[in-house]
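Here's the structure we're looking at; comments come further down.
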Amino acid sequence: MKESYLAVAGRIRRELEQIEAVVDRAQDIWDDVDLDRPADHRVDAVALNLHGFYAGLERVFTTVAERIDQTVPEGGSWHQELLEQMNTALNGIRPPVLSNEARKRLDRYRGFRHVIRNVYAFEFDPEQIDLLMKRLPDTAELVFEDLRAFADTLDRMAASEE
């Protein structure tokens with residue numbers, strides 16, 4: 001399991017670099033959006049980056065579920081179940097990946113992921129995107145902090161197996 005812990009910790013850190021870039025890109029684009037022009041194509045670009053933010057985190061969560069937990073949720077509500085699984089300690093296997101507050105905040109982005117995949121770009125609600133963008137810096141910081149701490153925990157777990 002030592003190698004799996006180290007591999008997952010490394011993957012988390014690599015993915016976080018990419019997800020941080022997505023957050024920065026979304027913010028840079030959003031800063032130029034004119035909410036008085038709802039047809040602004042930059043709203044579409046920000047929506048895509050918000051999707052990328054959550055999709056990247058979900059890749060991390062899936063890796064943890066596969067490699068550490070040895071169980072990945074299935075079925076129609078697997079996205080929600082995966083997020084809940086990351087907020088749950090697995091006795092003898094791992095502590096929670098996410099704090100309660102991080103899970104709660106991410107649930108909004110999980111729901112938005114569904115919107116992105118199921119509506120046309122011209123139907124995006126700029127007000128909803130504005131709300132998500134206002135919350136993004138604090139949400140991302142909290143989640144990144146949780147994931148870095150979890151990666152550090154995996155390193156310690158691997159070291160204790162030596």
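No value in this document is a laboratory result; all are computed from the given coordinates. Computed from a predicted model, the values in this text were never measured in an experiment. Here the Cβ is made from the backbone with ideal geometry for all residues, glycine too, and neighbour counts use every protein chain on show.
Whole Å is fine, so just give me how far the alpha carbon centre of the stretch 16-80 lies from that of the stretch 87-162.
Here the answer is 10 Å between Cα centres.
What does the helix-only formula give at 222 nm for the chain: each DSSP H stretch with n ≥ 4 adding -39500 (n - 2.57), the total divided by the residues, and the result rounded to the nearest 500 deg cm²/dmol?
Working: 5 runs with 116 residues, N = 162.
Calculated from helices alone, the mean residue ellipticity at 222 nm is -25000 deg cm²/dmol.
Rounded to the nearest whole Å³, what is the per residue volume of the convex hull around the Cα atoms of the chain?
Working: hull volume 15.3 nm³, N = 162.
That works out to 94 Å³ per residue.
So how do 57-65, 29-37 stack up, highest first, on mean other-Cβ count within 10 Å?
Numbers: 57-65: 19.6, 29-37: 13.3.
Descending mean neighbour count gives 57-65, 29-37.
Enumerate the helices in the chain for which the Kyte-Doolittle hydropathy averages 0.0 or more and the C-alpha atoms extend at least 15 Å along the helix's axis, using complete DSSP H runs. Before the final figure, lay out the partial values.
Values: long enough: 2-30 (42 Å, -0.43); 41-64 (35 Å, 0.41); 100-118 (28 Å, -1.72); 126-160 (49 Å, -0.13).
Span-like helices in the chain: 41-64.
Looking at the stretch 2-48, what % of the alpha carbon pairs are farther apart than 12 Å?
Working: 729 of 1081 pairs.
That tail contains 67 percent of the Cα-Cα pairs.
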